[in-house]
Amino acid sequence: MAHVPLEDGYAAIDGDLTIPGIAGTGAPVRLDFLDPGGATTGKLLPTGSAVDTSICPAIPSSNSNAVALAMGEKGAGRVLAEARA
């Protein structure tokens, strides 16, 4: 749900909201995500865990081929994997 400030029936432009890296100020628009998690799976954390472990066969087992993963679904599914050199 979007909360947009109005002036004379039109979206307000002037305001004191600042965004780092953006020049000037403007009117704030507040967004409320009423039930954002689990559009496909029904859960914000599809596996029920904040962090899971998976085995990656491309990593030699001598270097511990277990990789930490964070999976979430907030509007669209995402998987974040541990980065290694």
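The values are calculated or read from the model by the stated rules, or taken from the named source; none is laboratory data. Quick caveat: nothing in here was measured; it's all calculated off a predicted structure. Using ideal geometry, Cβ is built from the backbone for each residue, glycine included, and neighbour counts are taken over all protein chains shown.
Any residue in the stretch 11-35 that's within 27 Å of Lys74 (Cβ to Cβ) and of a type in the set (Ser, Thr, Tyr): show its pairings with residues that are at pLDDT 95 or above and surrounded by 10 or more Cβ atoms within 10 Å (Cβ to Cβ) at Cβ separation under 8 Å, as long as the two are six or more apart or on different chains.
Filtered contacts from the stretch 11-35: Thr18/Thr25.
Give Leu69, Leu44 a once-over and let me know the one that is outside the structural domain of Met1 (by TED's automatic domain parsing), at pLDDT 80 or above, surrounded by 12 or more Cβ atoms within 10 Å (Cβ to Cβ) and closer than 30 Å to Met1 by Cβ.
Only one candidate qualifies: Leu44.
Residues to consider are Gly75, Gly38; find the one that is within 28 Å of Pro5 (Cβ to Cβ) and surrounded by 10 or more Cβ atoms within 10 Å (Cβ to Cβ).
Gly75
Can you report the number of residues in the stretch 64-85 which are farther than 24 Å from Gly37 by Cβ and not hydrophobic (A, V, I, L, M, F, W, C)?
3
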